[in-house]
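Worksheet: one structure, shown below.
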Amino acid sequence: MGYTTRINPIIKEQASRELAKYDLTLSKFLRMMITNVANNDLPSEFESPNEAVMASLKEVVADIKGEK
């Protein structure tokens, strides 16, 4: 079974150039990422911040705005 997705040609070219620096193609990179998700779940960078992190962020924003 195959999948098709549309990617902005400019973004695709930029990503291809970046990946080429590491001797990777878009295909190889996607295969690596999908395999990693299948075996290890999503990387933590994709997780939503928990309540404590959100509270800290709100405090920082309020501090920057002078609301504290």
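Quote the Stokes-Einstein diffusion coefficient, in whole µm² s⁻¹, for the chain, based on the Kirkwood radius over alpha carbon pairs, a temperature of 10 °C and a viscosity of 1.306 mPa s.
101
Among 37-44, 22-29, what's the highest-first ranking by average C-beta atoms within 10 angstrom per residue?
For the peptides 37-44, 22-29, the packing ranking is 22-29, 37-44.
Given the rule -39500 (n - 2.57) for each run of at least 4 DSSP H residues, summed and divided by the residues of the chain, what is its mean residue ellipticity at 222 nm, to the nearest 500 deg cm²/dmol?
Helix-only estimate at 222 nm: -19500 deg cm²/dmol.
Work out the length of the dipole vector of the chain about its Cα centre, built from +1 on the beta-carbon of each Lys and Arg and -1 on the beta-carbon of each Asp and Glu, and round it to the nearest 20 debye.
My answer is approximately 400 debye.
What does the charge count around T25 come to, taking other residues whose C-beta lies under 14 Å from its C-beta (Lys +1, Arg +1, Asp -1, Glu -1)?
Here the count lands on +2.
List the aspartates and glutamates whose Cα sits under 15 Å from the Cα of K21, skipping any in the same chain fewer than 8 residues away.
Cross-link targets: E13.
So for the chain, taking the charge dipole from beta-carbon charges (+1 Lys/Arg, -1 Asp/Glu), which of N50, S27, N40 sits furthest toward the positive end?
S27
With a cut-off of at most 12 other beta carbons within 10 Å, and DSSP calling the residue loop, which GluC sites (Glu not before Pro) in the chain qualify? Please list them.
Of the GluC sites (Glu not before Pro), the ones in loops of the chain whose Cβ has at most 12 other Cβ atoms within 10 Å are E47, E67.
Values in this text are rule-based calculations from the coordinates and carry no lab data. Nothing here was measured: the structure is a model prediction, and the numbers come from that model. For neighbour counting, all protein chains shown are included, and Cβ atoms are generated from backbone atoms with ideal geometry for every residue, glycine included.
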